[in-house]
Amino acid sequence: MAGEFMRIEMLAALHGDCLLVEYGDVRRTRRILIDSGPVGAYEALRGRIERLPKGDRRFELMVLSHVDTDHIEGLIKLFANPRPWPFVVKDVWFNGWRHLEQAHGLLGGRQGEFFSALLAKRLDEGCWNGAFKGQAVVVGDAGALPEHVLPGGLKLTLLSPTLAKLERMREAWRKDLGDALDPGDLEAAWALLGQQKKYLPGKGLLGSSAQLDSLIEKQSRPDDAAANGSSIAFLAEYAGNAGMAASGNEMPGGKSRSCLFLADAHPDAICASVKRLLQARGLARLRVDAVKVAHHGSKANTTDELMSLIESPRFLFSTNGQQFGHPDEEAVGRVIGRSSHPSPTLYFNYLSEHNRVWQERQEQFGYKAVFNDGSGSPMVIAL
């Protein structure tokens, strides 16, 4: 159908990720939300939702990729608001202890337990990992990669996490909780969440009058490899109601648009899944319209092997560079130097001391760099 579109907004999520994906046609816009940034970025998310048309604040899916604070905290605060919410969400993908004990574990810690408690209390039955029948969002060791088609024709192919990655996370989850909570005790997590001021809307959860802690321990977690390995990452492809192309970007009835959303996933897991996908589709390289670069451009998450498996004209970097100094120069250089697409375009949702150098090297290395305007508005990439 004429007028079909897919666009990605990188919200001002400080050093984290908060991505709004809209797709549809002239008749209807559908959307998904991926992550939410740290709690300090919550107002950007809240404001963006409020700017959606009244009566059309529906999300087909929200994805919490993993439990690092720079991805999860905004969603904790969003879901802490009492219902009715000013938006509708049909499904939420998030691997909590209740799922991952079945898959032999996953790191979660306090934020993971808090979000699990909120989903259990707030969501309607069947809306937590609903596409997976309430089970873990995970890539099996064999067979076809899990696929799910959202209403309107957005096809998601899961690339991460694998069972092996989740198995590494059980003890890390337990260790992070310490003596504060037992894993999976959502009633205890709910009670503890009610004492966390930074997440509370107004007077508290459900208008509770319980005494709030005057001093709140800073909730922080090292952005370690184990947490990143548990990331939910996927390929999103949109070709409208005509269906999904098995290969290439063109298909009868219209243009297929696609993006790799890599969260903070480990490159070995992504490469293994992409190879399985290429074999199934009979392709040598996966052509996509954009790649949301893993882990904010950390040098440990973008490899030569990954770059050899994909072809894309656009690479998206979501970070203001605070705390961890991302993107790393090595990662950006690898994207440019190993890209199979001539003159790729790099999109940065902030201009910072850590990425300013890429504004100056465009002519030298033959790429294009686009930076957000600094207004605090989302950076919009139309595919």
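Read the figures in this text as sums done on the coordinates, not as results from a lab. Note that the structure is predicted; figures quoted are calculated from it, not measured. Using ideal geometry, Cβ is built from the backbone for each residue, glycine included, and neighbour counts are taken over all protein chains shown.
General remarks:
- Formal net charge of residues neighbouring Arg314 (Cβ-Cβ distance under 13 Å; K, R +1; D, E -1): +3
- Count Lys and Arg as plus one, Asp and Glu as minus one, and take only other residues whose Cβ is under 12 Å from that of Arg83; the net charge is then +1.
- Gyration tensor verdict on the stretch 253-383 (Cα atoms; rounded if a/c is under 1.5, prolate if a/b is larger than b/c, oblate otherwise): prolate
- Projecting the Cα positions of Thr345, Gln279, Val335 onto the charge dipole of the stretch 252-367 (unit charges on Cβ atoms of Lys, Arg, Asp and Glu, taken about the Cα centre) puts Gln279 furthest along the positive direction.
- Charge tally for Val288 (other residues, Cβ to Cβ under 12 Å; Lys, Arg +1; Asp, Glu -1): +2.
- Which listed pairs, of Lys133/Lys155; Lys121/Lys155; Lys121/Lys299; Lys77/Lys368; Lys275/Lys299; Lys54/Lys255, have C-alpha distances above 27 Å, in listed order: Lys121/Lys155; Lys121/Lys299; Lys77/Lys368; Lys54/Lys255
- From least to most packed, judged by other beta carbons within 10 angstrom and beginning with the fewest, Val39, Val380 follow the order Val380, Val39.
- Classified by the C-alpha gyration tensor, the stretch 254-322 has an oblate form. Its axis ratio a/c, with a ≥ b ≥ c, is 1.5 or above, and a/b does not exceed b/c.
- The order of Asp328, Asp17, going from fewest to most other C-beta atoms within 10 Å of their C-beta, is Asp328, Asp17.
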